[in-house]
1. With the structure loaded, tell me whether A:L137 is in contact with a strand residue (DSSP E or B) (Cβ under 6 Å, 6 or more places away or on another chain) and open to solvent by 10 Å² or more (accessible area, probe 1.4 Å) or whether it fails that test.
2. One residue is enough: does the range B:331-354 have a residue meeting the conditions within 16 Å of the chain's Cα centre (by Cα), within 12 Å of another protein chain (Cβ to nearest Cβ) and buried (at least 24 other Cβ atoms within 10 Å of the Cβ)?
3. Residues that are open to solvent by 60 Å² or more (accessible area, probe 1.4 Å) and within 16 Å of the ligand (Cβ to nearest atom): does the range B:41-49 have at least one?
4. Given the conditions (1) more than 10 Å from the ligand (Cβ to nearest atom); (2) open to solvent by less than 20 Å² (accessible area, probe 1.4 Å), which single one is not true for B:G236?
5. Here is a list: B:I19, B:I75, B:I37. Which entry is within 14 Å of chain A (Cβ to nearest Cβ) and out of contact with any His (no Cβ under 6 Å at 6 or more places or on another chain)?
6. List the strands (runs of 3 or more DSSP E) inside the range B:40-149, counting only whole elements, that have at least 1 residues being within 21 Å of B:V193 (Cβ to Cβ) and assigned by TED's automatic domain parsing to the domain that holds B:G306.
7. When the residues of the range A:200-217 are filtered to those that are small (G, A, S) and assigned to a loop (DSSP other than H, G, I, E, B), which remaining residue is least open to solvent (accessible area, probe 1.4 Å)?
8. Taking the range A:162-180, which residues are open to solvent by less than 20 Å² (accessible area, probe 1.4 Å) and within 14 Å of chain B (Cβ to nearest Cβ)?
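The values are calculated or read from the model by the stated rules, or taken from the named source; none is laboratory data. Quick caveat, the model's predicted, so the values are computed rather than measured. Cβ placement follows ideal geometry from the backbone for every residue including glycine, while neighbour counts extend to all protein chains displayed. The area values use the complete protein model at the heavy-atom level, side chains included, leaving out ligands, DNA and RNA. Shrake-Rupley method; radii C 1.70, N 1.55, O 1.52, S 1.80 Å.
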Amino acid sequence: MQTLMKNRINQLFEDKKDVLNIYFTAGYPSLGDTVKVASALEKAGADMLEIGMPFSDPIADGPTIQDSSQIALESGMTLELLFEQLEELRAHVSIPVLLMGYVNPVMQFGIERFCESCEQVGVDGVIVPDLPMQEYLETYQSLFDKHGIRNTFLISPNTSEDRIRQIDDCTNGFIYVVSSSSITGAKKGVQEGQLAYYQRIKEMNLKNPQLIGFGISDHQTYRTACDYTNGAIIGSAFIKQLSKDASEEGIENFVKGIKEKSS
Amino acid sequence: MQYGVDERGYYGQFGGAYIPEMLFPNVEELRVNYLDIIESDDFKDEFQHLLRNYVGRPTPLYFASRLSEKYKTKIYLKREDLCHTGAHKVNNTIGQILLAQRLGKSKIIAETGAGQHGVATATVCALMGMECVVYMGEIDMARQRPNVERMKILGATVKPAISGSKTLKDATNEAMRHWINNPDDTHYIIGSVVGPHPYPDMVARFQSVISEEIQNQLQEVEGRNAPDHVIACVGGGSNAAGAFYHFLEDKGVNLIAAEAAGLGISSGKSAATTALGKPGVLHGSKTILMQTEDGQVVEPYSISAGLDYPGIGPIHAHLFDDGRAEFFGISDEEAMLAGVELSKLEGIIPAIETSHALAVFGKRTFGSDEVIVVNLSGRGDKDLETYIKWGKY
Ligand SMILES: Cc1ncc(COP(=O)(O)O)c(C=O)c1O
């Protein structure tokens, strides 16, 4: 397992700090927007992308991502269609790309077929929050490894140190540090307990890089994440941007606003 | 045990704990502790005491002579409708609140479909002086209004689930999100044998008092401790799991599950999970699930809010897969007719969920000397508006 070939995710963390990973829902705001949004994000300066595979019952997501998923599904987004759209991904996008979604659609698509499709279109990793570690190790890992796909695990403020070590051991991409006990899109700001939690993670000297996500929405929360880990993940705040203005310029201004301090 | 849960939390290929990491510490805390707690003397004493003196157990096993005559067989009704709050749901909420107390939790959340589980949860929270939030689909709040008001009188906060189909599935999503947001002081009382392991097993154990009593009561009246058939309706499947529990390994007992077929199995308006579903993951467990090709959960439909759910508990998925239980899809119309029939023949107005179990007599014949137990999971008070709207009585 440790002898996997380096992929784009590993290379990115070797080359860069303060990584900005941006999430958006496939087929949102319009069904055909997936690769367009991805390409605009890279141009605007995002370092990594997380493309949401919409699901009818996203229990770890707040209203913003729920709504975007619902809209994408109503427009006709499916995993089948997403992989078709992603066939032209690598003609336009060179940064690492992950797929994020829930386990049931992946299971119905077929795990092996899913991994093959990821490899074929150039997807580097996946995040499946409701796929348990045990299940992953027993039935998914060998297929993921075979196709060079990195699986990403989440940790939360309540995850025990032992379990974090276990997760670190079976990961080969990065660890997703959930900022507080919450679903996506919560506006809790940066609280004191949170910094202690970030510090605790930092001091664990994990072998995998870490990105902080959930509730990151602006330059300040992004910078705080970068102070403690390798960077941040933005989801709901970007979906809100897309719902207002999905133009290339709108996306560019959003990313700039996160990366650069406004004057 | 062929039909019990295994060490990994599975029933055959179904079950497990498919949950986001944010819920892992809570579910793991439960998994590690639930058996020790519910098998401790102190827990058992308090549980038994409350079941007897607060719930009114044992509930009668009543020989329904006119119904038996009509269907030319021997039908007993296990009277869960006589439980305090009007359904079997309270057996589970008593068990879980005692467990929550022993885990040091101070707040309770729950989801509800028909409102029976919500009422049973609000009731035990009032009893124990604990804060209670119940999520209920907006559509269910309208069709089960008396139960919404009952929960409020009992001091609970009822929050509408406004996403998706606005029914039980969505109320469950909202309760899970609430738990992710409030992991430290809150226990989630799931109302059926669904959810991540250990919930299905835990809820089945709390409901297993039903079949334990059936064994003892049958022994007294029939001189045998097992019937030929047990019939129960299945939403998530908690009343069925409780009624089947002590007979699971006894192949001499035929298990019969009634699912809600809504306007008909192939009408596109149905909740007949085993007829329409395939293996998938929802609400933390792998089970049989109504879904599209693409793995999106299909919005179910049934006249009965308590059966209006696109999945079934993993134990029932296993019983179906293995052929251990017979499954029948019962339409709205068949259920309503069976509910009115019981009312006229035995003077018992059943919950519409329960009516689905009674409708099995119109689907299948039984031998004249066979002994059948129907789990009468609840009473129809909450459903008066639906009976009135339907009108054919
Ligand atoms: C009277 C009654 N029976 C059955 C059910 C269905 O639940 P389960 O399948 O878990 O017994 C309900 C749910 O609300 C109910 O109120």
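1. Criteria not met by A:L137.
2. No, every residue in the range B:331-354 fails to be within 16 Å of the chain's Cα centre (by Cα), within 12 Å of another protein chain (Cβ to nearest Cβ) and buried (at least 24 other Cβ atoms within 10 Å of the Cβ).
3. Scanning the range B:41-49 turns up no residue that is open to solvent by 60 Å² or more (accessible area, probe 1.4 Å) and within 16 Å of the ligand (Cβ to nearest atom).
4. Of everything listed in (1) more than 10 Å from the ligand (Cβ to nearest atom); (2) open to solvent by less than 20 Å² (accessible area, probe 1.4 Å), B:G236 misses just condition (1).
5. Criteria check complete, one pass: B:I19.
6. Counting at least 1 such residues, we get B:74-78.
7. Step by step, filter the range A:200-217, then rank; the result is A:G215.
8. Across the range A:162-180, the qualifying residues are A:I164, A:I167, A:D168, A:C170, A:T171, A:I175, A:Y176, A:V177, A:V178, A:S179, A:S180.
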